[in-house]
1. Would you point out which residue out of Phe83, Phe11 is in a helix (DSSP H, G or I) and surrounded by 10 or more Cβ atoms within 10 Å (Cβ to Cβ)?
2. If you go through region 50-65, how many residues are closer than 12 Å to Phe92 by Cβ and charged (D, E, K, R)?
3. Do you know which residues across region 9-53 are over 21 Å from Tyr79 (Cα atoms) and touching a residue at least 40 places away in the same chain (Cβ under 8 Å)?
4. Any residue at all in region 36-57 that is surrounded by fewer than 16 Cβ atoms within 10 Å (Cβ to Cβ) and of a type in the set (D, E, K, R)?
5. Has region 49-60 got at least one residue that is part of a helix (DSSP H, G or I) and among the small types (Gly, Ala, Ser)?
6. Which of the residues spanning region 62-80 are at pLDDT below 95 and exposed (fewer than 13 other Cβ atoms within 10 Å of the Cβ)?
7. Could you list, ordered by first residue, the pairs with Cβ atoms under 6 Å in which the first is in region 86-98 and closer than 16 Å to Gly59 by Cα and the second is surrounded by 10 or more Cβ atoms within 10 Å (Cβ to Cβ) and charged (D, E, K, R), at least 6 apart or interchain?
8. Taking Arg76 as meeting all but one of (1) part of a helix (DSSP H, G or I); (2) touching a residue at least 40 places away in the same chain (Cβ under 8 Å); (3) of a type outside the set (Gly, Ala, Ser), write down the number of the exception.
Amino acid sequence: MADRKKPSLTFWITVTLVALVVAYPLSFGPAVWGDARGHVNHWFVAQAYWPLLWTAIHGPKPASAALRWWAVLGIRPGYWADFHIDDSDNGFVCFFGR
């Protein structure tokens with residue numbers, strides 16, 4: 001029987017980075033849904049997901065539409081989540097609701 005080579009550190013770093021790149025945008029929707037229901041800390045969601053919130057408002061149309069769809073998908077009728085990111089002239093408001 002041949003000896004199996006153990007996966008290298010580079011392999012595990014690559015696997016971890018790919019998992020994070022996939023998990024981060026996938027977790028955006030549930031984070032917004034949890035915020036809308038009051039189950040997730042609003043400040044945490046605004047801080048952790050501001051790049052995706054910015055993309056939902058200012059990003060390219062396909063990415064913006066996909067993020068907005070994903071954010072609203074799990075929000076119950078009558079609930080909403082709104083994020084006010086930076087009150088300066090460079091700030092923006094992001095609203096998701098049904």
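1. Phe11
2. 0
3. Residue satisfying the conditions is Pro25 alone.
4. yes
5. Yes, because at least one residue in region 49-60 is part of a helix (DSSP H, G or I) and among the small types (Gly, Ala, Ser).
6. Arg76, Pro77, Gly78
7. Phe95/Asp82
8. Going through (1) part of a helix (DSSP H, G or I); (2) touching a residue at least 40 places away in the same chain (Cβ under 8 Å); (3) of a type outside the set (Gly, Ala, Ser) one by one, Arg76 breaks only (1).
The values are calculated or read from the model by the stated rules, or taken from the named source; none is laboratory data. Small disclaimer: the values here were computed from a predicted structure and weren't measured. Cβ sites come from the backbone with ideal geometry, for glycine too, and all protein chains shown count toward neighbours.
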